[in-house]
Structure formats: structure tokens, C-alpha cells
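We did not get these values from a lab; they are worked out from the coordinates using the rules stated. Computed from a predicted model, the values in this text were never measured in an experiment. As a convention, Cβ positions derive from the backbone with ideal geometry for all residues, glycine included, and neighbour counts pool all protein chains shown.
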Amino acid sequence: MCTLKITRRQGVNFLWNHEKMNQLFEHALTVFMAFFAIMNPIANTTVFAGLTGSMGKSEQTKIALKSLFITFTIILLFSVLGKSIFHLFGITLPALRITGGILVFLVGYHMLQGKNSNLHTAQESENSDVAVSPLAVPLLAGPGTIATAMNYSASAGWEEITVTVLMFATLCVITFVCFVFSSNIISVIGRSGLGIVTRLMGLILSVIGVQMVIIGIKAVIYI
């Protein structure tokens with residue numbers, strides 16, 4: 001009888017762990033696709049090449065590393081401190097989802113038109129470090145990216161937050177590779193190929209933005 005109880009308990013634990021793993025996997029996939037679409041590393045490669053085209057390979061690598069380190073640090077802080085920021089400013093999760101969803105939708109909408117959104121547009125300044133601005137902010141860690149990170153972290157536990165940060169770190173590595181080999185990627189894909197990628201990412205972003213708004217409105221209705 002005791003053995004039967006232990007077996008049942010083990011079975012329940014196995015099912016719970018299996019379900020939890022599936023949820024984390026789905027969360028990881030959703031977060032990765034959202035970050036990939038909004039950062040669009042392939043399309044942003046052209047911006048990086050335009051800003052660093054006259055520099056040597058070693059200088060390009062340093063700028064890519066610095067910009068992505070700053071980007072990762074910003075998203076890490078907003079992911080980990082998301083709940084604290086909410087309490088500090090009295091922000092509710094539905095408000096973030098509605099506002100963040102609108103921002104993400106606007107970025108995606110402009111990408112669908114084959115344009116860069118003003119929220120994530122690189123405008124180089126003569127006196128600025130291009131790794132900081134415009135590459136890190138607002139091109140990579142713009143309002144849409146920050147809103148996405150907070151949306152997926154604010155209502156989640158530490159496991160989901162860890163997955164969110166890991167997925168963003170993975171995307172930073174992918175973006176770094178794209179930046180370092182920017183000239184090769186541009187020559188292979190071409191301008192028309194980059195336009196297609198940008199529009200596809202725009203479609204995904206628009207859908208994600210609308211979904212965030214719908215979830216936020218539902219939460220407000222049922223409060």
C-alpha cells in the first residue's frame with residue numbers, strides 16, 4: 001500500500017514537472033520570437049554596416065560588443081526589476097500590456113510598410129559614441145524592446161524571468177555574429193531580401209502587439 005502511494009506521488013510529480021517544462025519551453029519560444037522580431041538583427045545589420053563601414057574589423061568588433069553589452073544590461077535590469085518599477089510608480093500590469101502592445105504594434109506597423117519606426121530609428125550624432133547611441137539606444141534597446149521584456153517578466157516567476165533573460169542573451173549573441181559578418185550577410189541577402197525579412201518581422205510584431213493589448217483589456221474588464 002505504501003509502495004502504491006509512493007508510485008502515485010512520483011507519477012503526479014512527473015506529470016507536474018513535464019507540464020512545467022512544456023510551459024517554460026513555450027515561454028522561451030514566444031519570448032525569443034518576440035525579441036527576434038523587434039530587434040530584427042538581420043535588418044539592423046545594414047544600420048551597423050552604415051555606421052561602421054569605414055572602420056577596421058577590430059574596431060567594428062569592439063563597437064558590436066559594447067553596444068550589445070549595454071543593450072543586454074538595460075534589458076536585464078528591466079526584466080529583473082520590472083515588479084519593483086511597477087510598485088515604485090504605481091503601474092498596473094494591464095496598463096503596461098496595453099501601452100507596450102501599442103508601442104510594439106506601431107514598430108511592427110512601420111516595419112510592414114518597409115520603414116523604420118521612429119521609436120527604433122538610428123540617428124547618428126557627431127559627438128556621440130555610436131555603440132551607445134544610436135546602436136544600443138534606441139536601435140536595439142528601444143521602448144518596444146523594454147516594454148516586451150517587462151511584459152514577459154512582470155507577472156512571471158523567477159524561472160520565467162531567467163528564461164526571458166537567457167533568450168535575450170542568445171539573441172544578443174546572434175546579433176553580434178550578424179554585426180561582425182555584416183558585409184557578408186548584406187552581399188548574400190541583398191536589399192530586397194532584407195526588405196522581405198523586415199516585413200515578416202513587422203507582421204509578427206503587429207500580431208504580438210495586438211495580443212498584448214487584448215490581454216491587457218481583458219484584465220481591465222475582469223478587475
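Values as computed for the structure displayed
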| item | result |
| --- | --- |
| Simple Cβ-charge dipole of region 2-221, Lys/Arg +1 and Asp/Glu -1, about Cα centre, in debye nearest 20 | 560 |
| Protection proxy ranking, peptides 45-53, 212-220, average beta carbon neighbours within 10 Å, highest first | 45-53, 212-220 |
| Nitroxide proxy distance, nm - points 7 Å out along Cα→Cβ at residue 59 and residue 181 | 2.4 |
| Residue 49-residue 219 FRET efficiency (beta carbon distance; Förster radius 35 Å; 0.05 resolution) | 0.25 |
| Mean ellipticity per residue at 222 nm, deg cm²/dmol - from DSSP H runs of n ≥ 4 across the chain, formula -39500 (n - 2.57) | -27500 deg cm²/dmol |
| Max mean-square fluctuation residue, GNM over the chain, Cα-Cα springs under 10 Å, options 85, 186, 102 | 85 |
| Count of Lys pairs (Cα-Cα under 26 Å; at least 8 positions apart or interchain) in the chain | 5 |
| Dipole of the chain, positive direction: furthest Cα of 88, 176, 139, with charges on the beta-carbon | 88 |
| Which of 191, 199 has the fewest Cβ neighbours within 10 Å, and the rest in rising order | 191, 199 |
| Per-peptide average of other Cβ atoms within 10 Å, ordering 31-44, 167-180 highest first | 31-44, 167-180 |
| Whole-number percent relative contact order across region 2-221, with pairs defined as alpha carbons under 8 Å at least 6 apart | 40 |
| Order of 87, 27 - criterion: other Cβ atoms within 10 Å of each residue's Cβ, fewest first | 87, 27 |
| Three-way shape label, region 2-221, alpha-carbon gyration tensor, a/c 1.5 | prolate |
| Contour minus Cα-Cα distance for residue 81 and residue 24 (0.36 nm per residue) | 18.5 nm |
